[in-house]
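Taking it in order: structure first as structure tokens, then the write-up.
The values are calculated or read from the model by the stated rules, or taken from the named source; none is laboratory data. No experiment lies behind these values; they were computed from the predicted model shown. Please note: Cβ atoms are built from the backbone with ideal geometry, for glycine as well, and neighbour counts cover all protein chains shown. The protein model used for the area step is the full one, side chains on, heavy atoms only, and it has no ligands, DNA or RNA in it. Shrake-Rupley method; radii C 1.70, N 1.55, O 1.52, S 1.80 Å.
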Amino acid sequence: STPLPSPPSPLMETEPILGHVPKTKIEARSYFRRSFILYERSESIAQQLCLVERDVLLAVQWEELVHCRWTKMNINMDGRQDGKNEDAHFTDKPQKSSRFDSSLHHGVQDAIQRFNMVCQWVASEIVRAPNLEVRVRTIEKFIRIAEKCRMYSNFATLIQVLLGLQAPAVSRLHKTWSKVRNSELKILDELSSFTSPTKNWKHMRDSMTTVAEEYGMSSTDIQIEMPGTSTIRGFPLSSRGRVKIPFGGCIPFLGIYLSDLVFNSEQPAYIESPWEKTDTNRIYRLLTRSNNQKDISPLLKQPLVNFSKHRVTAMIIKRVLTFQNLARRYPFELNPDLYSRCNEFECLTPDVVKALSHVTERHKD
């Protein structure tokens, strides 16, 4: 898509009233604005989003994953830890996200907050469009950004954008959706099918597994393949040499692996000794010629370590570490200004987003 002229410097005509949920178009006018994504190329935004998600993923420490530490804490957007959850993600006034500090070892919690924030940001940008035409263009732009994210194997942002597009405050805008081009709707349907959670996220899992297994240990350098060295079923694949470009990078949908870790953590750390349930007892007595239970070593009756549980944990964490290595491979050049815009979103609260949606299109849901 061709970039538009530079956006106006003020993001809003006037500052919205703190804590005020608009009920009329006049009250909502202070929230209206054109999103910056309309003034940038889709591929440029998608590339910077890859770099942002890369930094978020690299802040995740493997120690956090071992004991599912993120399930035992609640971190506010400013990094403080407490035991309450009082709209920690959003406030009534548009807020900027906090910097992700890996030294706090809250990498997983930061990744979860980032995920929720992007979903809310997508919905915010759509309902803040000042008119129908801009709203349609904003939706189409997000669809193209999602398509680029899939092309760049950025599964995290792909899911985030699609969930934002599927938010109730956005999906109810029937008049707006009726103006979206069929070509864009077709792309959205394909992406939605690909990211469907049915069968335990089968399509997403298969794609991420393929990337990890095929490219996780591949070379990061450009390689020259000599003629006749590549074969299929014993026959030369090509009589000419070719240049093999290294795989560009990948950002996983971390939520799938976090769910797997939580499920696996609920398995028992120890399992009951099979001493009384199998023929082990009888065989031991025959070998030791002892029928006295007191002569049996108490070690044989102790619970056994559930190595299967720890093996699954190790496999999942190893997979996440593989994705961290893949995330480092993105060759995109950093654009400081656009990176900052993609990292520090201004989000509205769910109540304000819902109110703007109803002000924009009033009808019976």
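Before moving on, here are some points about what is shown:
- Test: residue in the range 270-277 that is in contact with a helix residue (DSSP H, G or I) (Cβ under 7 Å, 6 or more places away or on another chain), at pLDDT 85 or above and not basic (K, R): no
- Checking E214, E266 one by one, the residue that is open to solvent by 90 Å² or more (accessible area, probe 1.4 Å), at pLDDT below 95 and under 28 Å from Q109 (Cα atoms) is E266 and no other.
- Selection status of F115, open to solvent by 10 Å² or more (accessible area, probe 1.4 Å) and in contact (Cβ under 8 Å) with a residue 60 or more places away in the chain: yes
- No other residue among V60, V21 is at pLDDT 80 or above, assigned to a loop (DSSP other than H, G, I, E, B), open to solvent by 10 Å² or more (accessible area, probe 1.4 Å) and among the β-branched types (V, I, T) apart from V21.
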